[in-house]
Amino acid sequence: MLNEVADGVWVRQSVWVWSNAVVVRGEGGLILVDPGIDGSDLDQLADDVDRLGLPVVAGFSTHLHWDHLLWHARFGDVPRYAMPAAASAAPGFRERAQAMAAESAPGVPLEFIGLLTPLPADGGPVPGEIVEHEAHAIGHAAVLLADRGVLLAGDMLSDVLIPLLDPRRPGQVDAYEMALDRLGEAARHVDVVVPGHGAVGEGPEVAARLAADRAYIDALRRGEEPVDARLDQDWLAGPHQSNLEQARQASG
Ligand SMILES: [Zn+2]
C-alpha cells in the first residue's frame, strides 16, 4: 500500500528490514526511488503505481547496495539513474548484488539488478536537488524535494539501523560527518524525512534523526562504543565493531 507523505510523494514499506520504496511525481510522470524488495513487493508496488494512472518515466538508486538496485519488468524499460560514481561502479558490483538478492529477496527478477545510467548534471527527469556524499557507499545521494518539504535520505537518518560506515573505504568517519552536515543543511527545508529503512520521520523527528546519527559518529570519533538502541546490520557486515575499528584506525 502506498502512503502519501507529501504532495506527489508516496512510500511503500516492505517487511524486509522496513525498506521504503518511494514514488515521486515529476514533470513527465513517476520516478521510482529504490523500489523493492522481494518479488511480491515489486508486484504489489506495480499494482499501486498502475492505480496512480501515470507512466513511470525513470528510476533512481540512492546508492550501490543490492537492496537499492532492484527493478521489475512492469515498471517498464526506462532509464534507472544513479550518481555517476555509482553508475560507473555498478557493472563490477552486479554479480555480487544478484547473489545477495537471490539469498534475501525471493522472486526478485535478478536480470534487472543494477542496470544504472549516470544521472545527467541537470537531474534529467528526477525532480528536486541531489545531495551527494561519500558516507555509507560510493556515490550515495539523497534527494531534496524542497517544494514539497521532503528529504529522501537513502541509507541515512534511519530510526531502526545504526549509521553504517562503508567497510571498503577509509576515511568514513570524516565522510559521515560531512554527509550529516550536508543533510542537516538540506533538512532545514523539510518537515518529512524518508529513510531507506524504517519509519518516515515528521516534524521534530527530522532533527532528532540527525542528532542521533551525529551522537553515534561523535562517539566513534572519541573511540568509544556508541550507546545506541538501533540495530546492527550483520547482513551488511557493518555492526558497531567494524565501525569502531575503522574509526580507531583512522585516528591511530
Ligand atoms: Zn539499504
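Read the figures in this text as sums done on the coordinates, not as results from a lab. Treat the numbers as computed from the prediction; the structure is a model and nothing was measured. Every residue, glycine among them, receives a Cβ derived from its backbone with ideal geometry; neighbour counts consider all protein chains shown.
Remark: the stretch 102-111, residue by residue, has Karplus-estimated 3J(HN,Hα) of 4, 6, 9, 10, x, x, 6, x, 5, 5 Hz, where x stands for each Gly or Pro and the curve is 6.51 cos²θ - 1.76 cosθ + 1.60 at θ = phi - 60°. The ellipsoid equivalent to the alpha-carbon distribution of the stretch 1-99 has semi-axes of 21, 15, 12 angstrom, derived from the gyration tensor eigenvalues as √(5λ) and listed largest first. With a Förster radius of 25 Å applied to the C-beta separation of Asp181 and Ser88, the computed FRET efficiency comes to 0.45. Taking packing as the residue-averaged number of other Cβ atoms within 10 angstrom, the listed peptides 122-129, 62-69 run from highest to lowest as 62-69, 122-129. Along the stretch 200-213 the Karplus relation, 6.51 cos²θ - 1.76 cosθ + 1.60 evaluated at θ = phi - 60°, assigns HN-Hα couplings of 5, x, 10, x, x, 5, 4, 5, 5, 4, 4, 5, 5, 5 Hz to successive residues, with x for each Gly and Pro.
In percent, rounded to a whole number, the relative contact order of the chain is 15, using alpha-carbon pairs under 8 Å and six or more apart. The alpha-carbon positions of the chain define a convex hull whose volume is 111 Å³ per residue.
The label point for Arg168 and the one for Glu103, both projected 7 Å from the Cα toward the Cβ, are 1.5 nm apart.
In a fully extended conformation the segment linking Arg25 and Asp191 would gain 57.9 nm over its present Cα-Cα distance, using 0.36 nm per residue.
With the alpha-carbon atoms of the stretch 57-137 aligned to their principal axes, the span from lowest to highest coordinate is 35, 29, 17 Å, starting with the largest. Rounded to 0.05, the FRET efficiency of the Asp47 and Arg248 pair, given R0 = 45 Å and the Cβ-Cβ distance, is 0.40.
In the stretch 120-252, the C-alpha radius of gyration followed by the widest Cα-Cα span (Dmax) gives 14.5, 45 angstrom. Our coupling estimate for the stretch 57-63, obtained by passing each phi through the Karplus curve with A = 6.51, B = -1.76, C = 1.60 and θ = phi - 60°, is 9, 6, x, 9, 9, 5, 6 Hz, Gly and Pro reported as x.
Here the stretch 11-56 has an Rg and Dmax of 10.4, 31 Å, counting Cα atoms alone.
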